[in-house]
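I have placed the structure first, in the form of C-alpha cells, so that the comments after it can refer back to it.
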Amino acid sequence: MSSSLKDLRVRFNDLRKRAKEEVTDAAPAAGPEEVQPDTTPPVEAAPPIEAQAPQVALRTDKKKSRPNRTVTVQGVKYDAIQELGKGGSSVVHQVISEEGKVFAIKTVDLTDAEDMTRKSYLNEIKLLSKLQGSRYIIKLYAYELQGDYLHVVMEKGDGDLLSYLKNRRAHEKKINGYTIKFLWGEMLKCVKVIHDKNVVHSDLKPANFLFAEGGHIKLIDFGIASSIPSDKTSVVKEGIMGTLSYISPEALNDLNSTNYYDISEDENGPKSRYKVPLKSDVWSLGCILYNMVYGRTPFQKVKQQFRMHAITNPDHVIEFDDIEDKRLLDVMKKCLVRDVQKRASVDELLNHPYLREVQAEGDNTAVMPLVNILNNNQMTPRTMVRKMKEIVATSQLNMDDTS
C-alpha cells in the first residue's frame, strides 16, 4: 500500500510535470482531502445490533477491491474504492458515500468465528461508542450486523505509524528529535483519553496509531481492550492477548502459576489468568518510543522462542544505548519498568520535563508521511503537488535524504 520514500522525489517531479501539462485551468475534482467534516449523528443513535435487519454484505475475498462494489450500512450505500488492509477474518476498504464523503469500512466475516472472536469485535464497537467525542480516538459513524458479516463504518486516516517507521528504517533514516517528541506527546494524549475512562487497550503498537488530518494521531483497534471496574485497578484476562514485541510482563504472567517464569499453559491445571492494569499500556508505549529512538524494539535481539521469558525475567537487563537527550532516555526507562507499581503513569509522562517544549495543543503543525498523499488515487496531479508543498512548508518533516 505505502510507496517507498526512495521514489518520493522522482514521483514528486513527475506529478509537477503532469500538473503543468494539464490543458484546463478548471478547479480539480473534489477528492477526499476536500471533503467537509462529516456531521453524521453519533453512533449512539444507531439501533442495537440485535435489532438491525440483514442486508447484502460486502464480500471478503482475497483479491483487491474493485470500484463500484457496494455495501449498505444503516440504509446508506457506500462504493468500495480500494482495499486498505486485511487481517484474520476482517478486511478494511476505503469507500465513498453517495454524498461523496470518504470513509473506511471494516468488514468482518464471522461465518466460522468462535464465540470469543465474535465478542471481541462487538466489544470493539461498544468501547468505541463509549470513547466517541475525542479527536484522539477514531470516529465511528455506523455499524450493522448482516447475517454472518459485521460492517463498521469509520473515518479513514492517512496511514499509520508503523508504515512511517518502516519507511524511515528502509532508508536507514533516523527520526529527528522534534518528530519523536511530537509523536510521543500525541500517543500519550490518545492513551490518556481511554485511561481517564478506565479502559486498558492491551494492544498498543505502531499499527494502531493512525495519522489523521493535519498529522495528528488517533488510536484505533479496540478488539481486546477492556473496561476496568471502578472498584478495581486491573482486569483479569483468560489468556495471553497482545503483540509480543509490545506486550507487558504482567500480561504474560499466569496468576495460577507457581513459577514466575512459567508462561506455558497446563491443560490439566487451573485455567490461566492474567492481571492487566492500565500501566500495561505504558509498557507498550515505552516499547514504541524505544523503537522510534533505536530502530528496534527492546527485545528484538532475543530469539523469539526466548523472548517471553526475557520480557518477564527481571534479571534480563534492557539495553539503553546512550543518547544526547537525557530526558528522553529517562522517559524510556520510566516506561520499561517491570514492577507495575514503580512504572510511570500516563499523567506522569505528560508532565515529564521531556515534553515541555512540545507545541501548544492548538497548533496544527505536525508530522505527516507524504507517501500517503502520493497513494491517494482520488487526487489530480495538480492537487497532489499543492498538498505536498503545503505539508512540507508547514511541518517539521525532514525531506533531506542525507539526514
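The values are calculated or read from the model by the stated rules, or taken from the named source; none is laboratory data. Just so it is clear, the structure is predicted and the values come from calculations on it, not from any experiment. Note: ideal-geometry Cβ built from the backbone for every residue, glycine included; neighbour counts use all protein chains shown.
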Identify all residues within the range 267-325 that are assigned to a loop (DSSP other than H, G, I, E, B), touching a helix residue (DSSP H, G or I) at 6+ places or on another chain (Cβ under 7 Å) and of a type in the set (S, T, N, Q); write none if there are none.
-> 297
Could you please find all residues in the range 287-308 being without any contact (Cβ under 8 Å) to a residue 60 or more places away in the chain and loosely packed, with under 15 Cβ neighbours inside 10 Å?
-> 296, 300, 301, 303, 305, 306
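Yes or no, residue by residue, for (1) of a type in the set (Ser, Thr, Tyr); (2) in contact with a Leu (Cβ under 7 Å, 6 or more places away or on another chain):
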{"residue": "120", "(1), (2)": "yes, no"}
{"residue": "128", "(1), (2)": "no, yes"}
{"residue": "136", "(1), (2)": "yes, yes"}
{"residue": "157", "(1), (2)": "no, yes"}
{"residue": "168", "(1), (2)": "no, no"}
{"residue": "176", "(1), (2)": "no, no"}
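With the requirement that a residue be of a type outside the set (Asp, Glu) and closer than 14 Å to residue 287 by Cβ, what does the range 313-331 give you? So that I can check it myself, show each step before the final result.
The first filter runs over the range 313-331 and keeps only residues of a type outside the set (Asp, Glu), leaving 313-314, 316-318, 320, 323, 326-329, 331.
Scanning the range 313-331 gives 318, 320, 331.
Select from the range 253-274 the residues that are surrounded by 17 or more Cβ atoms within 10 Å (Cβ to Cβ) and either of a type outside the set (Phe, Trp, Tyr) or over 17 Å from residue 224 (Cβ atoms) (or both) and write down the one among them that is modelled with the highest pLDDT.
Filtering the range 253-274 down to residues surrounded by 17 or more Cβ atoms within 10 Å (Cβ to Cβ) leaves 253-254, 257, 263, 272, 274.
Going one step further and asking which of them are either of a type outside the set (Phe, Trp, Tyr) or over 17 Å from residue 224 (Cβ atoms) (or both), we end up with 253-254, 257, 263, 272.
On the way: 253: 88, 254: 81, 257: 64, 263: 49, 272: 79.
Residue satisfying both the conditions and the ranking: 253.
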Which members of the range 153-180 meet the condition of being in contact with a helix residue (DSSP H, G or I) (Cβ under 7 Å, 6 or more places away or on another chain) and more than 30 Å from residue 83 (Cβ to Cβ)?
-> 180
Boolean, residue 317 is out of contact with any Lys or Arg (no Cβ under 8 Å at 6 or more places or on another chain) and farther than 15 Å from residue 188 by Cβ | yes
Considering only the range 87-206, give the helices (runs of 4 or more DSSP H) lying wholly within it that have at least 2 residues that are under 15 Å from the mean Cα position of the chain (by Cα), touching a residue at least 40 places away in the same chain (Cβ under 8 Å) and not assigned by the TED database to the domain that holds residue 251.
-> 115-131
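Considering only residues that are among the hydrophobic types (A, V, I, L, M, F, W, C) and within 24 Å of the chain's Cα centre (by Cα), look in the range 55-84 and name the one that is modelled with the lowest pLDDT. I'd like the intermediate steps shown before the answer.
Going through the range 55-84, the residues among the hydrophobic types (A, V, I, L, M, F, W, C) turn out to be 56-58, 71, 73, 76, 80-81, 84.
Okay, now just the ones that are also within 24 Å of the chain's Cα centre (by Cα), so 58, 73, 80-81, 84.
Working: 58: 37, 73: 96, 80: 94, 81: 93, 84: 90.
In this case the residue turns out to be 58.
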Could you list all residues from the range 193-228 that are among the basic types (Lys, Arg) and either touching a Lys or Arg at 6+ places or on another chain (Cβ under 7 Å) or surrounded by fewer than 20 Cβ atoms within 10 Å (Cβ to Cβ) (or both)?
-> 197
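Within the range 133-179, restricting attention to residues that are hydrophobic (A, V, I, L, M, F, W, C) and over 26 Å from residue 195 (Cα atoms), which residue is modelled with the lowest pLDDT? Before the answer, list the steps.
Pass one, the range 133-179, residues hydrophobic (A, V, I, L, M, F, W, C): 137-138, 140, 142, 145, 150, 152-154, 161-162, 165, 170, 175.
From what is left, the residues that are over 26 Å from residue 195 (Cα atoms) are 145, 150, 170, 175.
Details: 145: 92, 150: 94, 170: 82, 175: 91.
By that ranking, first place goes to 170.
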Is there a residue being among the small types (Gly, Ala, Ser) and modelled with pLDDT under 90 anywhere in the range 191-211?
-> no
